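Next up is a structure, given as structure tokens.
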Amino acid sequence: MGRLDNKIAIVTGGADGIGHAISQAMAREGAKVFVSDIDDAKGSAFVETLRAAGLQAEYVHCDVAEEKDIANLVALAVEKTGRLDILVNNAAIAIGGMPVYEMTDEQWHRLITVNLTSVFRGCKYALPHMIAQKRGSIINMASAQGHIGLDGWTAYAGAKGAVMAMTRQMAVEFGPHNVRVNSISPGTINTPMNEKVIADLGDAVARAWVKMHPIGRIGNPEEVAEAAVYLASDAAGFTTGIDLRVDGGLCVTPRFVPDLL
Ligand SMILES: NC(=O)c1ccc[n+]([C@@H]2O[C@H](COP(=O)([O-])OP(=O)(O)OC[C@H]3O[C@@H](n4cnc5c(N)ncnc54)[C@H](O)[C@@H]3O)[C@@H](O)[C@H]2O)c1
């Protein structure tokens, strides 16, 4: 018996990285997963591998910067299955590695649209269904960056801090409808997002990341996925409004953080 048997889940940014691991873990635990992304080739191929393994999954194109795509994603999942139990607002981009005075307004707006407005819209379209069925679990992907300071990531940290504040707000507001809203704050995780940061900023960044985590390494997407499965499952039925840090101790470390820029 799986921990998410018979549940219907949506994961944004599910073709790669943390969203990929969450989709895989949720499908393995018995959920039917609507995997969505902008990378249709990767997303479709991934869903085929899940199906070939006898798991339930569908791929849906969804650019989280587009309100109509999010509305369509939620409508499609509900139309096909009759309900929606789990929404993972995972997709985000990393624009940073620069002081705030070098960031353009265009970069700021792009980051806020993809990383924050997407969370608002995902919740906006999913909540009416969850409220009507008196059951639901929303998981918003935040970041250790929303807790601590690190040179060059002001906008990203601002969006993630707002994701956590919105999570708490919605937990209070929709708890009476048995809709739970939690966030996860990963530390540095081995994903394509970070491969890009290393490519842009150099190997010194990768070495610094290892030093920053008291556990002595960066994390794996599967370790974040395990937290998402827990928060989505009935085992977390009394857990709402939390931010679950999966960060190798990063947020509580008093260690010296080397200059990364
Ligand atoms: N990797 C880390 O160290 C880390 C740390 C803390 C938080 N996070 C958060 O975890 C989440 C996943 O990060 P990741 O490292 O797996 O990222 P990633 O870049 O490795 O993968 C992101 C996925 O999202 C998709 N995507 C990008 N833009 C999209 C859009 N506009 N609409 C839909 N899909 C889109 C990509 O195609 C990709 O499949 C993000 O919210 C990120 O901020 C990551």
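Quick check: the angle from helix 154-174's long axis to the longest principal axis of the chain, C-alpha only, nearest 10 degrees?
30 degrees
Now for a separate question. Summing Lys, Arg as +1 and Asp, Glu as -1, what charge do residues with Cβ under 9 Å from the Cβ of SER183 carry, SER183 excluded? Write out the running numbers ahead of the final one.
Numbers: positive: LYS160, ARG168; negative: ASP243.
Computed value for this residue: +1.
Over the Cα atoms, compute the radius of gyration (one decimal) and Dmax (the largest Cα-Cα distance, rounded to a whole number) for the range 100-204, in Å.
15.8, 50
Oh, and also: Taking Cα atoms, how many degrees apart are the long axis of helix 221-232 and the longest axis of the chain, rounded to 10 and kept between 0 and 90?
The answer is roughly 40 degrees.
Averaging over every viewing direction, what projected area does the convex hull of the Cα atoms of the range 1-81 cover, in nm²? List each step's numbers first, then the result.
Values: hull surface 19.2 nm².
Averaging across all directions leaves 4.8 nm² for the Cα convex hull.
Just LYS42, LYS196, LYS160 to compare: in a GNM of the chain, with alpha carbon springs under 10 Å, which one fluctuates most?
LYS196
With angles folded into 0 to 90 degrees, how steeply does helix 192-201 sit against the dominant principal axis of the chain? Use alpha carbons for both and round to 10.
Helix 192-201 sits at roughly 20 degrees to that axis.
Based solely on C-alpha atoms, express the radius of gyration and the Dmax of the range 147-240 in angstrom.
Final numbers for Rg and Dmax: 16.0, 48 Å.
Cut-off 10 angstrom, C-alpha nodes, Gaussian network model of the chain. Which of MET103, MET166, MET26 fluctuates the most?
MET103
Turning to a different aspect of this structure: By its C-alpha gyration tensor, with a ≥ b ≥ c as the square roots of the eigenvalues, how is the chain shaped: rounded for a/c under 1.5, else prolate for a/b larger than b/c, else oblate?
It comes out prolate by the Cα gyration axes.
Using per-residue counts of other Cβ atoms within 10 Å, averaged over each peptide, order 7-16, 63-72 from highest down.
Packing proxy ranking, top to bottom: 7-16, 63-72.
Right, another one. From the helices alone, meaning DSSP H stretches of at least four residues, give me the mean residue ellipticity at 222 nm for the chain, per-run term -39500 (n - 2.57), in deg cm²/dmol to the nearest 500. List each step's numbers first, then the result.
Details: 9 runs with 117 residues, N = 261.
Helix contribution divided over all residues of the chain: -14000 deg cm²/dmol.
Quick check: at a probe of 1.4 Å, how many percent of the accessible area of the chain sits on carbon and sulfur atoms?
Percent of accessible area from carbon and sulfur atoms in the chain: 55.
Let me ask something else. Under a Cβ-Cβ cut-off of 11 Å, what is the net charge of the residues other than HIS20 that fall near it, where Lys and Arg count +1 and Asp and Glu count -1?
Numbers: positive: LYS42; negative: ASP16, ASP37, ASP39, GLU222.
Every neighbour counted, the sum reads -3.
Additional query: Evaluate the Debye formula for the range 81-124 with equal point scatterers sitting on the alpha carbons, no solvent, and hand back log10 of I(q)/I(0) at q = 0.17, 0.26, 0.27, 0.28 Å⁻¹, in q order, two decimals.
Reported log10 I(q)/I(0), two decimals: -0.57, -0.93, -0.97, -1.00.
Continuing with the same structure: With Cβ to Cβ distances under 13 Å as the rule, what net charge do the other residues near ALA165 carry (K, R +1; D, E -1)? Mind showing how you got there, number by number?
Values: positive: LYS160, ARG168; negative: GLU173, ASP243.
Combined, the nearby Lys, Arg, Asp and Glu give 0.
Could you state the accessible area per residue of the chain in Å², with a 1.4 Å probe and every protein chain left in place? Please report the intermediate quantities before stating the final value.
Details: 11730 Å² over 261 residues.
It amounts to 45 Å² per residue over the chain.
The values are calculated or read from the model by the stated rules, or taken from the named source; none is laboratory data. Just so it is clear, the structure is predicted and the values come from calculations on it, not from any experiment. Virtual Cβ from ideal backbone geometry, glycine too; neighbours counted across all protein chains shown. For the accessible areas, the whole protein counts, side chains as well, though only heavy atoms, and no ligand, DNA or RNA atoms are used. Shrake-Rupley method; radii C 1.70, N 1.55, O 1.52, S 1.80 Å.
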